[in-house]
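The values are calculated or read from the model by the stated rules, or taken from the named source; none is laboratory data. Values in this document were obtained by computation on a predicted structure and should not be read as measured data. Heads up, the Cβs are rebuilt from the backbone with ideal geometry, glycines too, and the neighbour counts pull from every protein chain shown.
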Amino acid sequence: MRHNRTLRKLGRTQAHRNMMYRNLVTSLFKYERIQTTAPKAKEARSVAERLITFAKKGDLHSRRIAARKVNEPVVLQKLFAEIGPRYAERAGGYTRIMRIGPRQGDNAEMVILELVDGTARPKVKDSLKRARARKILAAEQKKEAIATFSEAADNAAAREQAKLEMDNAQPDADEEKKQD
């Protein structure tokens, strides 16, 4: 049984596996989107998310830890200068795995592993409190709209009445001018 065995071995030795994860993560940060098999992507995701968390800290110790996993200095610089600050407000979930179907040759499940947009927020289902608050707000806005409409209607009626009074008053003024 494989109780508490979390890692996938992927048919490789430990050294080969670690180097493969380093290559995948380096490519992910370089291109921000890579295509690979599902088990590799799921394992590389955990490494990538940990490195982005280090990049958010941005101190020297975090940079040295990340340098152990990222092969290229240019990509390491990009990680700490662009990618880390992009996710400063995000609590986690920096990557996304999208399935694209089986590979033609061996029918392996292929996926796209990509960095999510830093500005986008995941969709959250409304809680009961939020839904009730939204309904109450909508009802208040509706009441305000009705009140504004009724005020506008009253104002329009008052304007028309004033206009009628002015029209009735003007002929009298015209008659007075004619009499002079």
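Just for the stretch 66-120: of the residues that are of a type in the set (D, E, K, R) and over 19 Å from R50 (Cα atoms), which one is farthest from the chain's Cα centre (by Cα)?
D106
Within the stretch 170-179, can one find any residue that is part of a loop (DSSP other than H, G, I, E, B), of a type outside the set (A, V, I, L, M, F, W, C) and either modelled with pLDDT under 80 or closer than 22 Å to V25 by Cβ (or both)?
No, every residue in the stretch 170-179 fails to be part of a loop (DSSP other than H, G, I, E, B), of a type outside the set (A, V, I, L, M, F, W, C) and either modelled with pLDDT under 80 or closer than 22 Å to V25 by Cβ (or both).
Would you mind telling me which numbered condition in (1) over 24 Å from the mean Cα position of the chain (by Cα); (2) modelled with pLDDT under 95 M19 fails?
Unmet for M19, out of (1) over 24 Å from the mean Cα position of the chain (by Cα); (2) modelled with pLDDT under 95: (2).
Out of (1) touching a strand residue (DSSP E or B) at 6+ places or on another chain (Cβ under 9 Å); (2) not in a helix (DSSP H, G or I), what's the single condition that is false for D106?
(1)
Give the stretch 122-169 a look and list any residue that's β-branched (V, I, T) and modelled with pLDDT of 75 or more, or say none. Steps first, answer last, please.
Going residue by residue through the stretch 122-169, those that are β-branched (V, I, T) are 124, 136, 146, 148.
I136, I146, T148, listed by residue number.
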